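The values are calculated or read from the model by the stated rules, or taken from the named source; none is laboratory data. Since the structure is predicted, the reported quantities are computational estimates derived from the model, not experimental observations. Backbone-built Cβ (ideal geometry, glycine too); neighbour counts: all protein chains shown.
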Amino acid sequence: MQARAEELAKQAGKAAGQQSRRGRAKIDQQLDRRREAAEQREQWYETVSGMTHTEGFPDEDSMRRSIEAAAAHGWVVANIAEVKKRRLPGGFTTLVAREAVERVKQSARFMVTFRRESPASTEDSQLDAE
């Protein structure tokens with residue numbers, strides 16, 4: 001009887017470990033997808049073909065890096081606006097809801113409008129690729 005209980009405990013431990021590894025692999029895949037999406041958003045200046053573009057940034061550091069990189073590709077800053085977050089009314093329930101919303105939705109804190117004098121030509125893109 002005790003041997004059977006030990007065997008069941010061992011199987012349960014293996015199953016939990018496998019489930020944990022599968023869960024971790026799934027989380028890692030989601031994080032990789034998010035990183036790739038963030039990198040693509042940060043490199044918008046290479047793919048946008050229009051004369052103006054507006055981009056949102058959660059903090060000053062990411063805004064600064066993007067402005068510097070965009071400037072190297074011929075974009076200039078036309079406007080920077082700080083987005084004020086709306087306040088919810090007070091109360092404990094609202095406080096909990098506010099914290100949950102802030103964790104889930106990371107809204108842009110800064111909105112930057114970029115412009116360029118002339119659209120990117122295919123020759124410039126080909127030279128940059130080399």
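His53 fails exactly one of the following numbered conditions: (1) at pLDDT below 85; (2) outside any helix (DSSP H, G or I); (3) in contact with a helix residue (DSSP H, G or I) (Cβ under 9 Å, 6 or more places away or on another chain). What is the number of that condition?
Looking at each condition in turn, His53 falls short on (1).
State which residue is farthest from Ser118 (Cα to Cα) when the search covers only the stretch 66-79 and only residues that are under 20 Å from the mean Cα position of the chain (by Cα) and surrounded by 13 or more Cβ atoms within 10 Å (Cβ to Cβ).
Within the stretch 66-79, the match that is farthest from Ser118 (Cα to Cα) is Ser66.
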